[in-house]
Amino acid sequence: MASPVLKQGFFVVLVLTLSVFQMVSASDPDILTDFVVPQNVTPDGNFFTFTGLRAVLPLDAPTAFKLTKVSQAEFPALDGQSVSIAVLEYSALSLNPLHTHPRASELLFLIHGSLEVGLVDTTNKLFTQTLQAGDMFIFPKGLVHYQYNANATDYAVAISAFGSANAGTVSLPTTLFSTNINSRILAKSFKTTVPTIHTLKRGLKPPMA
Ligand SMILES: *[C@@H]1O[C@H](CO)[C@@H](O)[C@H](O)[C@H]1NC(C)=O
């Protein structure tokens, strides 16, 4: 029979181990090599270089909201490095609709124009801000958020950094209304009628990116 002290010690070690595991799993998995090279690739300077964003320069007024994502899929050298970025261009009065990133926090740096941003935490508290060029804003991992360019004449541009090579995006309009979830289920969920849900579904076609 183990003594109570031993049992307590075991319990403390177990809790510590579990919490360390949680801390570790809160970001991309650690790799056991300096970097990860796909099969049949011999790494050189080019492997660590991404030139696909040259097209966004010089910054120019976009005609709609435009997102250019550079994650592991676009830039394979990011595999295992726990970072990625996106360039966000907002035409006047354009919106990046409500969404979450399940695997990363987002650090947004506004480099042109102004931007209204908002996030909702897990207690359903809304936080909003109006950013001007030069400001940064952090969207904590997994929380629902949006960005809106409320200026009727000027465009806005932001660069967002993510703490994952593959942050992932759950777009609420698409996830809820463009994935064939039964309209009766949605109507009950939102305490509304099936025709109202049909109106929402029709308005989102074709599905948003
Ligand atoms: C919109 O942007 C223009 C150009 O930057 C600026 O002069 C104007 O004050 C802005 N309007 C609003 C409502 O913020």
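The values are calculated or read from the model by the stated rules, or taken from the named source; none is laboratory data. No experiment lies behind these values; they were computed from the predicted model shown. All Cβ positions, glycine included, derive from the backbone under ideal geometry; neighbour counts span all protein chains shown. We work out accessible area using only protein heavy atoms, side chains counted, and drop any ligands, DNA or RNA first. Shrake-Rupley method; radii C 1.70, N 1.55, O 1.52, S 1.80 Å.
Among the residues of the range 31-58 satisfying the criterion of being in contact (Cβ under 8 Å) with a residue 40 or more places away in the chain and open to solvent by 60 Å² or more (accessible area, probe 1.4 Å), which is nearest to residue 114 (Cα to Cα)?
Ranking the qualifying residues of the range 31-58, first place goes to 35.
Take the range 86-125 and flag every residue that is under 11 Å from residue 146 (Cα atoms) and under 16 Å from the mean Cα position of the chain (by Cα).
95, 96, 97, 98, 99, 100, 117, 118, 119, 120
Quick one: which of 199, 175, 193, 179 is surrounded by fewer than 14 Cβ atoms within 10 Å (Cβ to Cβ), under 30 Å from residue 76 (Cβ atoms) and free of Cβ contacts under 8 Å to residues at least 12 places away in the same chain?
On inspection, the qualifying residue turns out to be 179.
Of all the residues that make up the range 55-70, how many are in contact with a helix residue (DSSP H, G or I) (Cβ under 9 Å, 6 or more places away or on another chain) and among the aliphatic types (A, V, I, L, M)?
Final tally of qualifying residues: 1.
Would you please name the residue that is nearest to the ligand (Cβ to nearest atom), looking only at residues in the range 127-149 that are loosely packed, with under 15 Cβ neighbours inside 10 Å and β-branched (Val, Ile, Thr)?
Within the range 127-149, the match that is nearest to the ligand (Cβ to nearest atom) is 130.
Might you let me know whether the range 73-91 holds any residue that is free of Cβ contacts under 8 Å to residues at least 60 places away in the same chain and farther than 26 Å from residue 37 by Cβ?
no
Within the group 152, 158, which residue is open to solvent by 60 Å² or more (accessible area, probe 1.4 Å), within 16 Å of the ligand (Cβ to nearest atom) and either assigned to a strand (DSSP E or B) or assigned by TED's automatic domain parsing to the domain that holds residue 111 (or both)?
So the residue among 152, 158 that is open to solvent by 60 Å² or more (accessible area, probe 1.4 Å), within 16 Å of the ligand (Cβ to nearest atom) and either assigned to a strand (DSSP E or B) or assigned by TED's automatic domain parsing to the domain that holds residue 111 (or both) is 152.
Just one of 88, 110, 95 is modelled with pLDDT of 95 or more, open to solvent by 60 Å² or more (accessible area, probe 1.4 Å) and touching a strand residue (DSSP E or B) at 6+ places or on another chain (Cβ under 6 Å); which is it?
Within the list 88, 110, 95, the selection yields 95.
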